[in-house]
Amino acid sequence: MILTHRPRRLRVNQAIRSLVRETNLSVNDFVYPIFAVEGEKIKREIPSLVNNYHFSVDMLEAEIKEISELGIKAVLLFGVPDHKDAHGSEAYSENGIVQRAIKEIKRVNKEMLVITDVCMCQYTDHGHCGIIEDMYVNNDKSVDYIAKIALSHAKAGADMVAPSDMMDGRIGAMRDVLDSNGYTEVSIMAYSAKYASAFYGPFRAAANSTPQFGDRKTYQMDPGNSDEALREVELDIVEGADLVMVKPALAYLDVVRRIKDTYNIPIVAYNVSGEYAMIKAAAEKGWVDEKAIVLEKLTAMKRAGADLIITYHSKDAAKWIRG
Ligand code: PBG
């Protein structure tokens, strides 16, 4: 048979496939989440996030050295405080868990890029991402606190702050507060299109941040919407975001692609806890090939347009890529 086009010719062997591959993963794409807890000598596996741990500050050193050796250049830091109150005061305390963890990570490896999650839900007794008034999260009061938390992270040495609260106007407020205090070089990774998602379940167990009443649907986005994601991204860019994020990743890759096609700004995909836990559970049962499926889904996120991926698989993926 005479055929002008035989696309299979470019698939006949590994060498040619790798020459024409459009998307390649690199360890430079990964951001690794770290959970810091109060106490000493704690390295406790998080049951809902197999192979991820709660670390007390004194136990971070070994972990930071290990990930540095793997070539991972950035961490996303979460604090899990002991004390919670209505205003999440531990979140902006000079000596809070995140502030101490930032300093420790920088002491161990000053080159490690420290990105901090800026939110109140782990720190408030009601578990919502802001200040409650009349059983509703008050936007503007929450924004004041969120900007204050970001400033305290910058003072402790964070390189980048990542607000995950989904309040309106928080990027602009944060940029103002950071700049007026001299932190013009601290960048902002905006959780711009963050959906009210069931994929966060394992994280909430890990961070002890489940809302004590209601849900997050009055601030996080409706999974049915993607035009709205473009509006959220646009607002964040106008307010001064340096990077924009889509979260979760896997079920929202169409949103990543729409943002990529519309704006010219680095895009972050958050490969969230539920996406991780599903693969871990299936792999444990022997139902999927973990390495192959993880590399496939991370590649899909990049192919969709993500420039960076926050993932609990970072350490494994870094080892697999290195071979
Ligand atoms: C806090 C926050 C959440 C996640 C990151 N930051 C949970 C939530 O919004 O309820 C989820 C991360 C994950 O599932 O891996 N606002």
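The values are calculated or read from the model by the stated rules, or taken from the named source; none is laboratory data. Quantities reported herein were computed from a predicted structural model and do not represent experimental measurements. Counting neighbours? That spans all protein chains shown, and the Cβs are built from the backbone with ideal geometry, glycine included.
Descriptive notes on the structure:
- Filtering segment 88-116 to residues that are of a type outside the set (Val, Ile, Thr) and in contact with a Pro (Cβ under 8 Å, 6 or more places away or on another chain) leaves 90, 91, 96.
- From the options 117, 125, residue that is closer than 22 Å to residue 208 by Cβ and surrounded by fewer than 16 Cβ atoms within 10 Å (Cβ to Cβ): 125
- Filter result for residue 319 (over 15 Å from the mean Cα position of the chain (by Cα) and either modelled with pLDDT under 95 or within 13 Å of the ligand (Cβ to nearest atom) (or both)): no
- Pairs with Cβ under 7 Å, 6+ apart, first in segment 55-77 and farther than 21 Å from residue 37 by Cα, second among the charged types (D, E, K, R) and loosely packed, with under 15 Cβ neighbours inside 10 Å: 70/319
- If you filter segment 237-261 down to residues that are in a helix (DSSP H, G or I), within 16 Å of the ligand (Cβ to nearest atom) and not aromatic (Phe, Trp, Tyr), you find that the one that is surrounded by the fewest Cβ atoms within 10 Å (Cβ to Cβ) is 251.
- Residues of segment 127-137 that are within 13 Å of the ligand (Cβ to nearest atom) and more than 19 Å from the chain's Cα centre (by Cα): 137 alone.
- Subset of segment 172-211 [among the β-branched types (Val, Ile, Thr) and away from the ligand (no atom under 16 Å from the Cβ)]: 177, 184, 186
- The lone criterion from (1) of a type outside the set (Val, Ile, Thr); (2) more than 14 Å from the ligand (Cβ to nearest atom); (3) under 19 Å from the mean Cα position of the chain (by Cα) left unmet by residue 107 is number (3).
- Count - residues of segment 26-43 that are farther than 17 Å from residue 316 by Cβ and assigned to a strand (DSSP E or B): 4
- Number of the condition not met by residue 201 [criteria: (1) surrounded by fewer than 20 Cβ atoms within 10 Å (Cβ to Cβ); (2) under 16 Å from the mean Cα position of the chain (by Cα); (3) not in a helix (DSSP H, G or I)]: (3)
- Qualifying positions in segment 140-171 - within 16 Å of the ligand (Cβ to nearest atom), touching a strand residue (DSSP E or B) at 6+ places or on another chain (Cβ under 9 Å) and charged (D, E, K, R): 165, 170
- Scanning segment 287-316 for residues that are hydroxyl-bearing (Ser, Thr, Tyr) and either within 19 Å of residue 73 (Cβ to Cβ) or modelled with pLDDT under 95 (or both) returns 311, 312, 314.
- Counted residues, segment 212-228 - those being part of a loop (DSSP other than H, G, I, E, B) and away from the ligand (no atom under 11 Å from the Cβ): 10
- If you go through segment 1-25 and keep only what is assigned to a loop (DSSP other than H, G, I, E, B) and either touching a residue at least 40 places away in the same chain (Cβ under 8 Å) or polar (S, T, N, Q) (or both), you end up with 4, 13, 22, 23, 24, 25.
Residue-wise test of (1) within 30 Å of residue 179 (Cβ to Cβ); (2) at pLDDT below 95; (3) not small (Gly, Ala, Ser).
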| site | (1), (2), (3) |
| --- | --- |
| 199 | no, no, yes |
| 205 | no, yes, no |
| 216 | yes, yes, yes |
| 227 | no, no, yes |
| 235 | yes, no, yes |
| 240 | yes, no, no |
| 245 | yes, no, yes |
| 263 | yes, no, yes |
| 268 | yes, no, yes |
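- Enumerated strands (runs of 3 or more DSSP E) restricted to segment 128-185, each holding at least 1 residues that are surrounded by 24 or more Cβ atoms within 10 Å (Cβ to Cβ) and not small (Gly, Ala, Ser): 160-163
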